[in-house]
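Please treat every number below as a calculation from the coordinates, not as lab data. Keep in mind it's a predicted model, so treat the numbers as computed, not measured. Heads up, the Cβs are rebuilt from the backbone with ideal geometry, glycines too, and the neighbour counts pull from every protein chain shown.
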C-alpha cells in the first residue's frame, strides 16, 4: 500500500484537500483509505464518508496528538491495508508547529494556508521543513504578489519540496496532487521505519495530570525560561 502522511496547522484545509485528491484518485481507478488523528472532536469523518472514502477517526484526548500518532501507526497502517485500499493517507493534527509526523521512506505532505501570516513558514518546524510536498491553500483570498512572497518564504525553509497551490473548496489543483499521490512509495509495513525527526519532549509532572502551579510540583523534563530584566528593556 502506498503511504502518505499529511500534517499542518488547524483549519488550514487538510481534510478538504485530501478528500478532493482522493476523489481525483478514484477517477483514476485507485482506492484510498484515510486515518484521521485528532485531539478532542472532529466532523472530518463525515466529510470523508460523504465523499465515499473509507475513514477511521481517532482522538488523542489528553495526549500530544503526534505522540499518539507514533504509538498507533502500526495499527493505523494495518487498518488502512485491511480495507484493500491502494493508498493509505494519515492526516494528523499539527498543533504546536513543532510536530514531526513524516516518516523516512513515505511521502510527507505539509498543508499551510496563505492567511497564516508572512512569517508563518519560519515558525513551523519539521512538518514543513522535512516535507516532500508543501500544499498552499486559500490563495484566492490574497493577491498574486502575496502568494509569490509566501512561496519564497516557504522555499527559504524547505529548499527541496515541491510546492503546489490548491483550492480545497473548488478542487483546483487536486488532480495534480492526485498524480503525485499515485507515485508515492509502496510500503509493506511501517514496523522498524523511522520518523524523519524526533518528537517534542513531553515527560513532566503536568503530562501526568499535575494541576498545581509551583516549582516544587514540577518533575521530569522541565525547562525554565530566562526572562529579560527591567534594565534589559
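Taking the longest Cα principal axis of the chain as reference, the axis of helix 144-157 is set at about 70 degrees. Looking at the chain, the DSSP beta bridges with both ends there are about 10 percent antiparallel.
Diffusion coefficient of segment 144-185 by Stokes-Einstein, Kirkwood radius over Cα pairs, 10 °C, 1.306 mPa s: 135 µm²/s. Computed extension gain for residue 206 through residue 43, at 0.36 nm per residue and net of the alpha carbon distance, reaches 55.8 nm.
Residues of segment 117-132 with an amide N closer than 14 Å to a point placed 7 Å from the Cα of residue 152 along the Cα-to-Cβ direction: 118-119. Our note on the geometry: Cα centres of segment 77-108 and segment 144-192, 15 Å apart.
Given N residues in segment 2-181, what is Rg(Cα) / (2.2 N^0.38 Å)? Mind showing how you got there, number by number?
On the way: Rg = 15.2 Å, N = 180, 2.2 N^0.38 = 15.8 Å.
In units of the 2.2 N^0.38 Å rule of thumb, it is 0.96.
Between residue 183 and residue 75, the modelled labels are 3.6 nm apart [label points 7 Å from Cα along Cα→Cβ].
Calculate, for residue 225 and residue 28, the FRET efficiency according to 1/(1 + (r/R0)^6) with r their C-beta to C-beta distance and R0 45 Å; round to the nearest 0.05. Intermediate results must be reported in sequence, preceding the final value.
Details: r = 51 Å, r/R0 = 1.13.
Once rounded, the FRET efficiency stands at 0.30.
The angle between the Cα long axis of helix 14-27 and the longest principal axis of the Cα atoms of the chain comes to about 20 degrees, rounded to the nearest 10.
Tell me what the chain gives for mean residue ellipticity at 222 nm when only DSSP H runs of n ≥ 4 count, each as -39,500 (n - 2.57), the sum divided by the residue total, rounded to 500 deg cm²/dmol.
-8000 deg cm²/dmol
The packing ranking of peptides 81-92, 11-22, 211-222, 135-146, highest mean first, is 11-22, 81-92, 135-146, 211-222, where packing means the average number of other beta carbon atoms within 10 angstrom of each residue. Quick check: the angle from helix 73-82's long axis to the longest principal axis of the chain, C-alpha only, nearest 10 degrees? So the helix axis and the longest Cα principal axis differ by about 20 degrees.
Considering all different alpha carbon pairs of segment 1-49, the Kirkwood hydrodynamic radius works out to 11.9 Å.
Highest-first packing order for the peptide set 162-168, 27-33, 200-206 is 162-168, 27-33, 200-206, based on the mean count of other beta carbon atoms within 10 Å.
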